[in-house]
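Everything below concerns the one structure shown next.
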Amino acid sequence: MKPRPDTQPAPRRYTRGYLPHYDSNYIHQFITFRLADSLPQTKLRQLEQELQVYPIDRQDVERRKQIEAWLDAGMGCCALRHPKMAAVMAETLLKFDGDRYQLCAWCVMPNHVHGLIRPDASLARIVQSWKSYTGRWAFAHNAELGLGVPGKALWMREYWDRYIRDDHHYRSVVEYIHNNPVQAGLCEQPGDWKWSSAYGR
């Protein structure tokens, strides 16, 4: 992991909806975004009520842990399970690697995507470009491939991001991304999952 320049400002914090975001060039970011139907709204509302027992500074961590467990359970249409849809998502992530961002690790799961990048542009715009292209492609091929995408949106509007604090955090995130398919019971070894930067290692 390349150290950030001493003159680099700290990440800028802002919010959209209930998720906080940190946006700054040159700082590695761990990003997760998911399909719109991957979590029922009833579960999310229930989760928000349950989080009230935690202190404010713990709620984001507990929210993320529960949502990740639900995502790994494979809820929703899981359109990214289709090989062609997964391939389009992977190609989209790789397309601007070395241009708009440095793509350090990634994984396409059946109903969500993980990426570890060092952005050279606005993080929100990078994620939106991924979602926009793959969303149009999915709806153009929804019936043909039997993706089962309901409604008018492929992706949930929000995304999770967390900036990388140090080398240990960086290594932990790479390990988490590569092991997510194993954790979800989709394969036995990280290198077995085709839609990941760990594939073939």
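Name every residue in the stretch 159-183 that is among the hydrophobic types (A, V, I, L, M, F, W, C), closer than 15 Å to residue 108 by Cβ and either out of contact with any helix residue (DSSP H, G or I) (no Cβ under 8 Å at 6 or more places or on another chain) or crowded, with 18+ Cβ neighbours inside 10 Å (or both), in order of residue number.
Selection gives 177 alone.
Just to be sure before I move on: is residue 158 among the acidic types (Asp, Glu) and in a helix (DSSP H, G or I) in the structure I sent?
Considered against the rule, which asks whether it is among the acidic types (Asp, Glu) and in a helix (DSSP H, G or I), residue 158 comes out as no.
Checking the condition surrounded by fewer than 19 Cβ atoms within 10 Å (Cβ to Cβ) and in contact with an Asp or Glu (Cβ under 9 Å, 6 or more places away or on another chain), which residue from 151, 74 passes?
When all the criteria are applied, what remains is 151.
I'm trying to understand the selection: among the residues of the stretch 91-114, which are in contact with a strand residue (DSSP E or B) (Cβ under 7 Å, 6 or more places away or on another chain), surrounded by 17 or more Cβ atoms within 10 Å (Cβ to Cβ) and outside any strand (DSSP E or B)?
Residues satisfying the conditions are 93, 111.
Please name all residue pairs, on different chains or six or more residues apart, with Cβ atoms under 8 Å, provided the first residue is in the stretch 139-168 and is within 19 Å of residue 82 (Cα to Cα) and the second residue is surrounded by 14 or more Cβ atoms within 10 Å (Cβ to Cβ) and among the acidic types (Asp, Glu).
Cβ pairs passing all conditions: 149/37; 150/37; 151/37.
Exactly one of (1) touching a Leu at 6+ places or on another chain (Cβ under 7 Å); (2) not in a strand (DSSP E or B) is unmet by residue 144. Its number?
Here residue 144 clears every test but (1).
Report whether or not residue 117 is in a helix (DSSP H, G or I) and β-branched (Val, Ile, Thr).
Criteria not met by residue 117.
In the stretch 107-152, how many are of a type in the set (Gly, Ala, Ser) and at pLDDT 95 or above?
Number of matching residues: 9.
Would you mind stating whether residue 190 is crowded, with 16+ Cβ neighbours inside 10 Å and either free of Cβ contacts under 8 Å to residues at least 24 places away in the same chain or basic (Lys, Arg) (or both)?
For residue 190, the condition - crowded, with 16+ Cβ neighbours inside 10 Å and either free of Cβ contacts under 8 Å to residues at least 24 places away in the same chain or basic (Lys, Arg) (or both) - is met.
When residue 175 is evaluated against the numbered criteria (1) at positive phi; (2) out of contact with any His (no Cβ under 9 Å at 6 or more places or on another chain); (3) modelled with pLDDT of 95 or more, which criterion, by number, is the only one it fails?
Status for residue 175: all satisfied but (1).
Name the strands (runs of 3 or more DSSP E) wholly inside the stretch 1-84 in which the number of residues that are at pLDDT below 90 is 3 or more.
Numbers: elements: 12-16, 19-23, 29-34.
It comes to 12-16, 19-23.
I'd like to check something: does the stretch 44-67 contain any residue that is surrounded by 14 or more Cβ atoms within 10 Å (Cβ to Cβ) and within 14 Å of the chain's Cα centre (by Cα)?
Yes: the stretch 44-67 contains one or more residues that are surrounded by 14 or more Cβ atoms within 10 Å (Cβ to Cβ) and within 14 Å of the chain's Cα centre (by Cα).
Test residue 88 against the criterion of being closer than 19 Å to residue 153 by Cβ, assigned to a strand (DSSP E or B), in contact with a Phe, Trp or Tyr (Cβ under 7 Å, 6 or more places away or on another chain) and in contact (Cβ under 8 Å) with a residue 40 or more places away in the chain, and give yes or no.
Here the answer is no, as residue 88 does not meet what is asked.
The values are calculated or read from the model by the stated rules, or taken from the named source; none is laboratory data. Everything numeric here is computed off the predicted structure, so don't read it as measured data. So basically every Cβ, Gly included, is an ideal-geometry build from the backbone, and we count neighbours across all protein chains shown.
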